[in-house]
Every structure is written in structure tokens, then in C-alpha cells.
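The values are calculated or read from the model by the stated rules, or taken from the named source; none is laboratory data. These figures come from a predicted structure and were not determined experimentally. All Cβ positions, even for glycine, are placed from backbone atoms using ideal geometry, and neighbour counts span all protein chains on display. For the accessible areas, the whole protein counts, side chains as well, though only heavy atoms, and no ligand, DNA or RNA atoms are used. Shrake-Rupley method; radii C 1.70, N 1.55, O 1.52, S 1.80 Å.
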Amino acid sequence: YENIKYEVSEGIGYVTINRPKALNALNMDVLTDLYAAFTEIEADETVKAVIVTGEGKAFVAGADIAQMSQLNALEGREMMIMGHKVMNLIEAVEKPVIAAVNGFALGGGCELAMACDIRIASEKAKFAQPEVGLGIIPGFGGTQRLARLVGKGMAKYMIMTAEMISAAEAYRIGLVEKVAAPEELMDEAVKVAKTIASKAPIAIATAKSAINNGFDMDMKSASKFEIETFTAAFGSEDKTEGMAAFLEKRAPEFKNK
Ligand code: CO8
């Protein structure tokens, strides 16, 4: 990959957006690399959890304004659709994805963080949806995911004022799940990734699917969906192993089966 770094170590996939000179702004090339990397991750059984972060002082400072400024409405729509494809793939991939937000997460960067399952922010991170100041609106799913994460009122506040908020404020409103000292951010993200990776992979994947899919359904349909996904996990070999290990007072050895 030319615009991201991707490596796997001890079952964890590390995706680092790597355009530090442009504060990791998302252009079509970065989006294409991200789509390819997550397609690779989806198919790789050795990857149990993923951490997404940014190189340098930013997580991602948004979609690339220089590139967008050159696009007409139709081309802009294509870029938007590509962004949606990437975010939807990250949200659907059957592995936990953690955003380690090391700095600016603005516009498309905040949207990328929101497509991940869990967000851990450095105390130095800053969040905003500044699009209205550029004459546009969030276009990589932000109007929808922000409202779902922090509620309609706060989403409207952030999107309409374009105000930049601190990590502490992002934590307060539920936009991030944890805040860490800058030098401890990656350790904290790895700790969470390893904790999740130590659990039964089918259970993690079905929990992710049940929460994500059920969230957009009415309660009745969502509970039906939980019953169906639960049944898949209940029939797994890892369920037999997990429960046997508990009863035998030993650590389970999950096989993703
Ligand atoms: N796009 C392109 N280049 C960027 C971006 C960006 N989003 N952000 C920063 N850069 C570049 C700067 O232009 C600068 O380049 P150069 O050195 O060549 O002048 C370099 O990165 C460093 O940036 P600054 O000098 O500005 O650094 P500062 O520390 O002074 O400021 C900020 C940091 C506050 C983050 C500032 O760079 C900034 O405000 N950036 C823009 C933030 C923004 O508005 N983001 C939202 C973009 S819109 C969006 O994400 C829409 C998503 C949906 C798109 C749908 C597709 C059509």
C-alpha cells in the first residue's frame, strides 16, 4: 500500500493512514488502499482484531480538500460513495476494529473513527465535523453515525457549529469510549484489542453483527435478529470449549469454529 501502512503482529492488524504531510487527509488513493486492506483483513483468519491510527500529529484531518475542490458534483458523489463503501466495510467486517485516535479526527476522519467499533482517544485528540464551513455536509456517513452515537441534538450541534471539541468532551458525550495519555494510547489500544482477541471470535463477530444490525431495527425485529445470531454462536465448537473450560477451571482455547 502506498498511502497506508498495514502490518499484522500477534493476531492484531495495524492500519496506519500514512500521509502525514497532509495530516492524513483522505483522497481517493487512501480510500482505495483502505478498502483493499479491509478486504484483506476480512479474509485473513490470523487477524483477530484491528487497530486504525494515523501517522504523525493527526488521526485524519478529513477528506482531501485540495482534491474535492477540483471535483464537480458527479465526481464528488463518486468520492462520497467510495467513502461510504470503506466505512460500511469497516463496520461490517467480522472482526473488532478499534480506532486509536492520536490527533485531529475531523470531517471524514471523525467519520472513519465512528465506523470503527470502539474509539480510544489520546488526550491530545480533537474532533469536529467542520464541513458546513466548506459549503458541504459530512459525506462519509457522519450525519447518520454521529446522531446514532451521541444523539440527534448533539450531532446537530457539532455539525451545525463545526466546533472542534477536546478528547475529554468527546468522552463526555459518548463519541469515544476511553481517553489515554498520548504516550499510552497505543498500549491502551493494544490492551483492548488483545482482551477482545482472547475471546471466542465467532462470539465477537456475532455480537458486532447483532448490535450493528439490531440498532437500526425496531425492538421486536432486533430481538428476533439476536435470537438468530445467538443460535449461530450457541452451535459453535467454541461454545462447547468456552463452557467446558469454565467448568474445568482452566483457560479456554478457542479455535474460531
Ligand atoms: N485536506 C487536504 N489537506 C489538508 C487537510 C485536508 N482536510 N487538512 C490539512 N491539510 C494540509 C494543509 O493544507 C497543510 O498543507 P501544506 O503544508 O501543503 O500547506 C498541511 O495539511 C498541514 O496543515 P496545516 O498547516 O493547516 O496545520 P495546522 O496545524 O495549522 O492546522 C488543522 C491543522 C486545524 C487540522 C487544519 O489543517 C484544518 O483545519 N484542516 C482541515 C480540516 C477540515 O476542514 N476537514 C474536513 C474536510 S471535509 C470532509 O472531511 C468531508 C467528508 C465527506 C467528503 C465527501 C467526498 C466528496
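Under a point-charge model restricted to the Cβ atoms of Lys and Arg (+1) and Asp and Glu (-1), what is the dipole moment magnitude of the stretch 1-135 relative to its Cα centre, in debye to the nearest 20? Present the calculation step by step, with values, prior to reporting the outcome.
Numbers: 11 positive and 19 negative charges, 112 e Å.
Charge dipole, the stretch 1-135, about its Cα centre: 540 debye, nearest 20.
Calculate, for the stretch 140-187, the solvent-accessible area per residue in square angstrom, rolling a 1.4 angstrom probe over the heavy atoms of the protein chains.
54 Å²
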Practice problem: Could you pull out every one of the lysines with an alpha carbon less than 17 Å from that of Lys5, ignoring same-chain neighbours closer than 8 positions? | Solution: Lys21, Lys57
Quiz item: Dipole size in debye (nearest 20) for the stretch 149-257 around its Cα centre, Lys and Arg Cβ +1, Asp and Glu Cβ -1?
Solution: 260 debye
Quiz item: What does the accessible area of Tyr157 come to, in Å² to the nearest 10, when a probe of 1.4 Å is used?
Solution: 110 Å²
Quiz item: On average, how much accessible surface per residue is there in the stretch 201-252, in Å², for a 1.4 Å probe, leaving out ligands, DNA and RNA?
Solution: 71 Å²
Quiz item: Suppose every K and R has +1 on its Cβ and every D and E has -1 on its Cβ; what is the size of the dipole of the chain about the Cα centre, in Debye to the nearest 20?
Solution: 640 debye
Exercise. Using a cut-off of under 13 Å, list every residue of the stretch 151-169 whose amide N is near the label point 7 Å from the Cα of Val132 along the Cα-to-beta-carbon line.
Key: 153-164
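Nearest 5 is fine: what % of DSSP beta bridges in the chain come out antiparallel, could you say?
Working: 8 of 30 bridges.
In the chain, approximately 25 percent of DSSP beta bridges are antiparallel ones.
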Quiz item: Over the stretch 32-134, what is the mean sequence separation of C-alpha contacts under 8 Å (at least six apart), divided by residue count, expressed as relative contact order in percent?
Solution: 33 percent
Practice problem: Let me know the number of lysine pairs in the stretch 89-238 closer than 25 Å at the Cα, not counting same-chain pairs under 8 apart. | Solution: 29
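Probe radius 1.4 Å, ligands and nucleic acids ignored: give me the carbon and sulfur share of the accessible area of the chain as a rounded percent.
Values: 7620 of 13340 Å².
With neighbouring chains kept in place, the figure for the chain is 57 percent.
Accessible area, 1.4 Å probe, largest first: how do Val190, Val60, Val132 sort?
On the way: Val190 30, Val60 0, Val132 65 Å².
In descending accessible area the options line up as Val132, Val190, Val60.
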Practice problem: Kindly write out, for the stretch 104-111 in residue order, the coupling ³J(HN,Hα) from the Karplus curve 6.51 cos²θ - 1.76 cosθ + 1.60 (θ = phi - 60°), rounded to whole Hz, with x marking Gly and Pro. | Solution: 3, 10, 10, x, x, x, 5, 5
Quiz item: Excluding ligands and nucleic acids, what accessible area in Å² is computed for Ser69 using a 1.4 Å probe, to the nearest 10?
Solution: 80 Å²
Self-check item: Integer Hz, Karplus 6.51/-1.76/1.60 couplings in order for the stretch 213-225, x for Gly and Pro
Solution: 6, x, 4, 9, 10, 6, 4, 5, 5, 5, 6, 4, 4
Self-check item: Selected from Pro182, Ile227, Ala210, residue furthest toward positive end of dipole (the stretch 178-239; charges at beta carbon)
Solution: Ile227
